[in-house]
1. Applying the selection to the stretch 14-42, what residues are β-branched (Val, Ile, Thr) and open to solvent by 60 Å² or more (accessible area, probe 1.4 Å)?
2. Out of (1) open to solvent by 10 Å² or more (accessible area, probe 1.4 Å); (2) closer than 22 Å to Ala87 by Cα; (3) not in a loop (DSSP other than H, G, I, E, B), what's the single condition that is false for Glu160?
3. Test Leu77 against the stated conditions and say whether it is under 18 Å from Arg29 (Cβ atoms), open to solvent by 80 Å² or more (accessible area, probe 1.4 Å), of a type outside the set (Asp, Glu) and free of Cβ contacts under 8 Å to residues at least 40 places away in the same chain.
4. Name the residues in the stretch 139-157 that are part of a strand (DSSP E or B) and touching a His at 6+ places or on another chain (Cβ under 9 Å), would you?
5. Tell me, which residue of the stretch 122-155 that is over 10 Å from the mean Cα position of the chain (by Cα) and among the small types (Gly, Ala, Ser) is nearest to Ala101 (Cα to Cα)?
6. Somewhere in the stretch 80-98, is a residue modelled with pLDDT of 90 or more, among the aromatic types (Phe, Trp, Tyr) and open to solvent by less than 30 Å² (accessible area, probe 1.4 Å)?
7. Identify all residues within the stretch 99-129 that are open to solvent by less than 80 Å² (accessible area, probe 1.4 Å), touching a residue at least 60 places away in the same chain (Cβ under 8 Å) and touching a Ser or Thr at 6+ places or on another chain (Cβ under 6 Å); write none if there are none.
8. Just checking, which of Leu51, Leu67 is farther than 30 Å from Met24 by Cα, open to solvent by 70 Å² or more (accessible area, probe 1.4 Å), hydrophobic (A, V, I, L, M, F, W, C) and out of contact with any Ser or Thr (no Cβ under 6 Å at 6 or more places or on another chain)?
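The values are calculated or read from the model by the stated rules, or taken from the named source; none is laboratory data. These numbers come from a predicted model, not from an experiment. When we count neighbours, we look across all protein chains shown, and the Cβ atoms used for this are built from the backbone with ideal geometry, even at glycine. Keep in mind that these areas ignore ligands, DNA and RNA; they rest on the heavy atoms of the full protein, side chains included. Shrake-Rupley method; radii C 1.70, N 1.55, O 1.52, S 1.80 Å.
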Amino acid sequence: MTAWEVPMEFTCHTTHDHKALTAMARAIRKTVRAKRSRQICVYAWIIIGLLLVSLWLSWGRVWQTVLHCAVIAALLLLHWKEDSINAYFAKRKALPGTDFADTTFYADYYLTKTAAAESKWPYDKILALAETRNHLVFVLGRNHALAVEKATLEGGSISEFYRFLEEKSGRSIQN
């Protein structure tokens, strides 16, 4: 087989740290869970609005005021740190040996190897592709994603890799 007949092969190493898990949680929330996420956000803002009205009406009653302020602060914190909180719980539920992953992309499938397991996936199982500053995220379901560190890409340039993935998966990469 000559050099031009060898299929293009990309490889990446990923550390599943808090930053990568947060990127996966955000990509899932912004793609396959987008509608549900918007609904929950609207409900949260309605509750905050009602609490603000209640806070105004109960002004002067110290314990009610403190309680309303605490609930408002908690809702705002949950909204602000939603992806980070999801990443924390994903890390706690992760199987031992899945802290690091090596992914190799072949013409018909990609292969992910961890200390715990080896998974072979066809490109048509990718529901969405999302890009963050440091990662490319493959959304595989409502609760599953794979993050790939862009800095560890070998086998070609980032733009070649993106074209390869868009062609194989039939999906465009979202920012």
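1. Initial filter on the stretch 14-42 (β-branched (Val, Ile, Thr)): 14-15, 22, 28, 31-32, 40, 42.
Answer for the stretch 14-42, where residues must be β-branched (Val, Ile, Thr) and open to solvent by 60 Å² or more (accessible area, probe 1.4 Å): Ile40, Val42.
2. The one condition Glu160 does not meet is (2).
3. When the stated conditions are applied, Leu77 passes them.
4. If the condition is that a residue be part of a strand (DSSP E or B) and touching a His at 6+ places or on another chain (Cβ under 9 Å), then Ala147, Val148, Glu149, Glu154 are the ones that fit.
5. Among those residues, the one meeting the criterion is Ala151.
6. Looking for residues that are modelled with pLDDT of 90 or more, among the aromatic types (Phe, Trp, Tyr) and open to solvent by less than 30 Å² (accessible area, probe 1.4 Å), one finds none in the stretch 80-98, hence no.
7. Residues satisfying the conditions are Ala101, Thr103, Thr104, Ala128.
8. On the way: Leu51 fails: open to solvent by 70 Å² or more (accessible area, probe 1.4 Å).
Of the residues listed, the single one that is farther than 30 Å from Met24 by Cα, open to solvent by 70 Å² or more (accessible area, probe 1.4 Å), hydrophobic (A, V, I, L, M, F, W, C) and out of contact with any Ser or Thr (no Cβ under 6 Å at 6 or more places or on another chain) is Leu67.
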